[in-house]
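Peer 1: Quick one: structure below, then a few questions.
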């Protein structure tokens, strides 16, 4: 099957006010296939949000592409003209930003915020626009689409605002939706609702999704494939069942061990502490030689301190960047 | 939307003041150009209710001043003839707001019976009160048009610099620094020296408006640039860009509305400053010329020593701007308080021309 989105060796750096560059993504390559959900897993500072912004060239002014290509439906987005890019943004790729309270304009009614997405891509008259907006809203709200359209963002709850953002993302039936921490600020039951909605929308619209999160529990049972990002590099990528079932990279293994046990098993007095990965994620301005995970790795070898491992395929779809597997 | 009471109060006060100037024809008894060569440099007419015999009159009346042989003596009223005031009476024809032909006046006297000069007359016997109100039309229009041009220039230049950034920002902001640094009054003298000595009143008026309007754009441009710079980095603007919003949409819907508060406050600060600028220019003879009246050229009479020492009522045009100044500055502070309720003080600084 042809890939919908192909990312080759993407490198992104941020320039600090002092003029120093800090690499946020250091050669990331992966593909997204039509209709699949790719979960991107990584801790703070691993480059998750940079990845989301970079795909649509929405980096902050001090962010810079060093090299690489982002090919979407045959078009190189990093070299596309501004006008072409505007057609892709929102039209073919829907983006859901991290903070639902910040990503909506505070003084514009939500209905207009959704219809402006549609208006940016389709020439419709007022009535058709209004109708389409309500249709889109009805896909994410089981009831009350009319009232929501007339509300201002501050009149909505966090979950409702997240749904409005979802409506913006799906308004033009895109082929790909990028969701950056779509559930980070929600309570657990609303989280489940939104995740359920994401799955339903994927099935209805047959679109692919990149679901970016720091929480492996969110991806379990939802993502088809998992990409584990560590310090701007792909640590491991593979089908969700394999990555979660038998994690190969030492970082993936450590990360999954950090998950708290289910509440029911934890009702006894807490004798055992939660597992953590020792150390901190590396300072990207002062990278040492060798594997980026080496200082925290429990499985390190001599070679790890001197050179960086390359990606090694374990099976047709499963690849790991670690010297344990050949590197 | 309900306006806060403070803002509403200032708006109403300014509205009344402007109404009086706009409808000058109704509030004044005479045409501002009409001369009365018999009564030059007449002091303000006194309005009486009790006549020289001690009789009380319900209708206010006034006496004519006797013509003086010797101007050093105080003027004497001709108490033999009572001239009653007429309210809402017909008098000189005028055009209300420039296009409605009318002859109704708030007050005047019967034609032929003697003329009332509330604020005295000038060297040609023209009624100062009429000239001050009509002059306000020119002065305030200069201020309003000047502020409009300034803010239009300032907003478009500031928005371009802030939104697009890069070399445009650098170029425009260096230009703004140049404009702030130039000594405008002297440049204006030079500019006026190049132009023909006698220009028509309309040309002179437009010249003043354009000069006053283009000089001041740099300050608002820098303010607007700062607002646009922070506005364009907001999360919802980035999110809107993420769904394919065009620059036009972002500017219209997200960026420019944020500058509205500053634009309004700036307008309220700039308008009186520009009125003052017009007064300066006209006082120096570089602005609106006679026979048109403006607050500036009314004061120009004071350049003669004899006027300066003998006729105190010729200073009165200077007072005309005071209520307008107070009104606009009050409006500016109310607007700023409205925009940032937590910041109460307003610092109004800066000078133009």
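Peer 1: Which one of these is more than 22 Å from residue A:176 (Cβ to Cβ), surrounded by 13 or more Cβ atoms within 10 Å (Cβ to Cβ) and under 16 Å from the mean Cα position of the chain (by Cα): A:254, A:231, A:208, A:223?
Peer 2: Exactly one residue qualifies, and that residue is A:231.
Peer 1: Is it the case that residue B:281 is more than 14 Å from chain A (Cβ to nearest Cβ) and farther than 27 Å from residue B:335 by Cβ?
Peer 2: yes
Peer 1: If you check residue A:57 against the conditions, is it part of a loop (DSSP other than H, G, I, E, B), more than 13 Å from every other protein chain (Cβ to nearest Cβ), free of Cβ contacts under 8 Å to residues at least 40 places away in the same chain and surrounded by fewer than 22 Cβ atoms within 10 Å (Cβ to Cβ)?
Peer 2: Details: part of a loop (DSSP other than H, G, I, E, B): yes; more than 13 Å from every other protein chain (Cβ to nearest Cβ): no; free of Cβ contacts under 8 Å to residues at least 40 places away in the same chain: yes; surrounded by fewer than 22 Cβ atoms within 10 Å (Cβ to Cβ): yes.
The answer is no for residue A:57.
Peer 1: Within segment A:298-315, track down each residue that is under 24 Å from residue A:225 (Cα atoms) and touching a helix residue (DSSP H, G or I) at 6+ places or on another chain (Cβ under 6 Å).
Peer 2: Listed by number, the residues that qualify are A:309, A:312.
Peer 1: Another question, then. Determine if segment A:186-197 includes at least one residue that is over 16 Å from the mean Cα position of the chain (by Cα), closer than 25 Å to residue A:55 by Cβ, at pLDDT below 90 and crowded, with 22+ Cβ neighbours inside 10 Å.
Peer 2: Checked segment A:186-197: no residue is over 16 Å from the mean Cα position of the chain (by Cα), closer than 25 Å to residue A:55 by Cβ, at pLDDT below 90 and crowded, with 22+ Cβ neighbours inside 10 Å.
Peer 1: Let me ask something additional. For segment B:1-24, give me each residue that is in a helix (DSSP H, G or I), modelled with pLDDT under 85 and over 17 Å from the mean Cα position of the chain (by Cα).
Peer 2: B:5, B:6, listed by residue number.
Peer 1: Could you tell me how many of the residues in segment A:91-125 are within 18 Å of the chain's Cα centre (by Cα), touching a residue at least 24 places away in the same chain (Cβ under 8 Å), at the interface with chain B (Cβ under 7 Å from one of its Cβ atoms) and over 24 Å from residue A:73 (Cβ atoms)?
Peer 2: 2
Peer 1: Right, another one. Here are some conditions: (1) facing chain B (nearest Cβ under 8 Å); (2) surrounded by fewer than 16 Cβ atoms within 10 Å (Cβ to Cβ); (3) at pLDDT 90 or above. Residue A:76 meets all but one. Which one does it not meet?
Peer 2: (1)
Peer 1: crowded, with 23+ Cβ neighbours inside 10 Å and touching a strand residue (DSSP E or B) at 6+ places or on another chain (Cβ under 6 Å) - does that describe any residue in segment A:147-169?
Peer 2: Checking segment A:147-169: at least one residue is crowded, with 23+ Cβ neighbours inside 10 Å and touching a strand residue (DSSP E or B) at 6+ places or on another chain (Cβ under 6 Å).
Peer 1: Are any residues in segment B:87-120 assigned to a strand (DSSP E or B), within 14 Å of residue B:62 (Cα to Cα) and in contact (Cβ under 8 Å) with a residue 60 or more places away in the chain, and if so, which ones?
Peer 2: Listed by number, the residues that qualify are B:107, B:108, B:109.
Peer 1: Right, here's the next one. Is it the case, given these coordinates, that residue A:130 is over 26 Å from the mean Cα position of the chain (by Cα) and more than 12 Å from chain B (Cβ to nearest Cβ)?
Peer 2: yes
Peer 1: Counting only residues that are part of a helix (DSSP H, G or I) and either surrounded by fewer than 10 Cβ atoms within 10 Å (Cβ to Cβ) or free of Cβ contacts under 8 Å to residues at least 60 places away in the same chain (or both), how many does segment B:190-200 have?
Peer 2: Summing the residues that are part of a helix (DSSP H, G or I) and either surrounded by fewer than 10 Cβ atoms within 10 Å (Cβ to Cβ) or free of Cβ contacts under 8 Å to residues at least 60 places away in the same chain (or both) in segment B:190-200 gives 4.
Peer 1: Let me ask something else about it. Check whether at least one residue in segment A:81-89 is away from every other protein chain (no Cβ under 12 Å), farther than 23 Å from residue B:231 by Cα and crowded, with 22+ Cβ neighbours inside 10 Å, and report yes or no. Steps first, please.
Peer 2: Taking segment A:81-89 and keeping what is away from every other protein chain (no Cβ under 12 Å), we get A:81.
Then drop every residue that is not farther than 23 Å from residue B:231 by Cα, which leaves A:81.
Cutting the leftovers down to crowded, with 22+ Cβ neighbours inside 10 Å gives us none.
No, segment A:81-89 contains no residue that is away from every other protein chain (no Cβ under 12 Å), farther than 23 Å from residue B:231 by Cα and crowded, with 22+ Cβ neighbours inside 10 Å.
Peer 1: Among the candidates B:287, B:296, single out the residue that is under 17 Å from residue B:185 (Cβ atoms), in the same structural domain as residue B:209 (by TED's automatic domain parsing) and not in a helix (DSSP H, G or I). Before you say what the answer is, go through the steps one by one.
Peer 2: Working: B:296 fails: not in a helix (DSSP H, G or I).
Result of the check over B:287, B:296: B:287.
Peer 1: Tell me which residues, restricted to segment A:40-54, are buried (at least 22 other Cβ atoms within 10 Å of the Cβ) and either more than 10 Å from chain B (Cβ to nearest Cβ) or closer than 22 Å to residue B:229 by Cα (or both).
Peer 2: A:40, A:41, A:42, A:46, A:47, A:48, A:50, A:51, A:54
Peer 1: Can you find, within segment B:112-140, the residue that is surrounded by the fewest Cβ atoms within 10 Å (Cβ to Cβ) among those that are touching a helix residue (DSSP H, G or I) at 6+ places or on another chain (Cβ under 6 Å) and at positive phi?
Peer 2: B:125
The rows are residues; the columns are (1) crowded, with 18+ Cβ neighbours inside 10 Å; (2) within 11 Å of chain A (Cβ to nearest Cβ).
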{"position": "B:188", "(1), (2)": "yes, no"}
{"position": "B:202", "(1), (2)": "no, no"}
{"position": "B:211", "(1), (2)": "yes, no"}
{"position": "B:219", "(1), (2)": "yes, no"}
{"position": "B:225", "(1), (2)": "yes, no"}
{"position": "B:235", "(1), (2)": "no, yes"}
{"position": "B:239", "(1), (2)": "yes, yes"}
{"position": "B:243", "(1), (2)": "yes, yes"}
{"position": "B:249", "(1), (2)": "no, yes"}
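Peer 1: Then there is this: Can you find a residue in segment A:22-34 that is part of a loop (DSSP other than H, G, I, E, B), under 30 Å from residue A:131 (Cβ atoms) and either more than 9 Å from chain B (Cβ to nearest Cβ) or out of contact with any helix residue (DSSP H, G or I) (no Cβ under 8 Å at 6 or more places or on another chain) (or both)? Before the answer, list the steps.
Peer 2: To start, the set of residues in segment A:22-34 that are part of a loop (DSSP other than H, G, I, E, B) comprises A:33-34.
Now drop any that are not under 30 Å from residue A:131 (Cβ atoms), which leaves A:34.
Still in the list and also either more than 9 Å from chain B (Cβ to nearest Cβ) or out of contact with any helix residue (DSSP H, G or I) (no Cβ under 8 Å at 6 or more places or on another chain) (or both): A:34.
Taking every residue of segment A:22-34 in turn, at least one turns out to be part of a loop (DSSP other than H, G, I, E, B), under 30 Å from residue A:131 (Cβ atoms) and either more than 9 Å from chain B (Cβ to nearest Cβ) or out of contact with any helix residue (DSSP H, G or I) (no Cβ under 8 Å at 6 or more places or on another chain) (or both).
Peer 1: Only one of these conditions is not met by residue B:329: (1) modelled with pLDDT under 90; (2) farther than 19 Å from residue B:145 by Cβ. Which number is it?
Peer 2: Checking residue B:329 against (1) modelled with pLDDT under 90; (2) farther than 19 Å from residue B:145 by Cβ, the one that fails is (1).
Peer 1: From B:71, B:62, B:87, B:56, which residue is closer than 30 Å to residue B:310 by Cβ and at pLDDT 80 or above?
Peer 2: Exactly one residue qualifies, and that residue is B:62.
Peer 1: Same structure again: Report, by residue number, each residue of segment A:4-35 that is within 30 Å of residue A:316 (Cβ to Cβ) and free of Cβ contacts under 8 Å to residues at least 40 places away in the same chain.
Peer 2: Residue satisfying the conditions is A:31 alone.
Peer 1: Residues being surrounded by fewer than 20 Cβ atoms within 10 Å (Cβ to Cβ) and more than 17 Å from residue A:310 (Cβ to Cβ): count how many of those fall in segment A:1-22. Give the derivation first.
Peer 2: Kept after step one, since they are surrounded by fewer than 20 Cβ atoms within 10 Å (Cβ to Cβ), are these residues of segment A:1-22: A:1-3, A:6, A:8-9, A:11, A:14-22.
Those still in the list that are more than 17 Å from residue A:310 (Cβ to Cβ) too: A:1-3, A:6, A:14-22.
Residues that pass the stated criteria total 13.
Peer 1: Yes or no: segment B:261-276 includes at least one residue that is within 26 Å of residue B:168 (Cβ to Cβ), within 14 Å of chain A (Cβ to nearest Cβ) and surrounded by 19 or more Cβ atoms within 10 Å (Cβ to Cβ).
Peer 2: Within segment B:261-276, none of the residues are within 26 Å of residue B:168 (Cβ to Cβ), within 14 Å of chain A (Cβ to nearest Cβ) and surrounded by 19 or more Cβ atoms within 10 Å (Cβ to Cβ).
The values are calculated or read from the model by the stated rules, or taken from the named source; none is laboratory data. The structure presented is a predicted model; accordingly, all values stated were derived computationally and were not measured. Don't worry about glycine lacking a Cβ; one is built from the backbone with ideal geometry, like all the others, and counts go over all protein chains shown.
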